[in-house]
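The values are calculated or read from the model by the stated rules, or taken from the named source; none is laboratory data. For clarity, every value in this text was computed on a predicted model and none was experimentally measured. Note that each Cβ is placed from the backbone with ideal geometry, even for glycine, and that neighbours are counted across all protein chains shown.
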Amino acid sequence: MRLFGLADRIAKADGEADLAEVERDIDDILKGELQKQTAGGGDPAQTAAFGLATHRLEHLVVQRRAALAGKIGVGA
């Protein structure tokens with residue numbers, strides 16, 4: 001699952017541009033998965049797993065943005 005490789009990129013993001021790029025990548029991956037489902041070729045369990053993984057990644061993006069803005073410690 002390509003989504004899990006994005007967590008490391010989020011943790012290493014130096015700024016908003018990096019995080020925006022990760023979010024675009026998440027959107028592209030989800031778009032492909034939803035297209036498979038629409039065409040009848042996707043696995044509903046895998047789609048559910050993608051949903052959970054993307055939720056976690058979005059949470060990490062929010063945390064990283066806050067850390068970069070100095071709102072929380074980087075290691076929190």
Would you please list the contacts, defined by Cβ atoms under 8 Å and residues six or more apart or on different chains, that run from a residue in segment 1-12 that is within 25 Å of G42 (Cβ to Cβ) to a residue that is of a type in the set (S, T, Y)?
L3/T54
Scanning segment 24-76 residue by residue, the ones that are among the acidic types (D, E) and outside any helix (DSSP H, G or I) total 1
Within segment 13-23, considering residues that are farther than 29 Å from P44 by Cα and in a helix (DSSP H, G or I), the one nearest to the chain's Cα centre (by Cα)
D18
Say we look at segment 18-60 and pick out the residues that are among the hydroxyl-bearing types (S, T, Y) and over 15 Å from G5 (Cα atoms); which of these is surrounded by the most Cβ atoms within 10 Å (Cβ to Cβ)?
T47
Segment 45-60 residues that are polar (S, T, N, Q), paired with ones that are in a helix (DSSP H, G or I) and surrounded by 12 or more Cβ atoms within 10 Å (Cβ to Cβ) (beta carbon under 7 Å, 6 or more apart):
T47/E33; T47/Q37; T54/L3; T54/I26; T54/L30
Exactly one condition in (1) at pLDDT below 90; (2) aliphatic (A, V, I, L, M); (3) touching a Leu at 6+ places or on another chain (Cβ under 7 Å) is not met by A48; state its number.
(3)
(1) without any contact (Cβ under 8 Å) to a residue 24 or more places away in the chain; (2) surrounded by fewer than 16 Cβ atoms within 10 Å (Cβ to Cβ); (3) not small (G, A, S): which one isn't true of Q63, the others all being true?
(2)
Across segment 62-76, what is the total count of residues that are farther than 20 Å from E23 by Cβ and at pLDDT 70 or above?
1
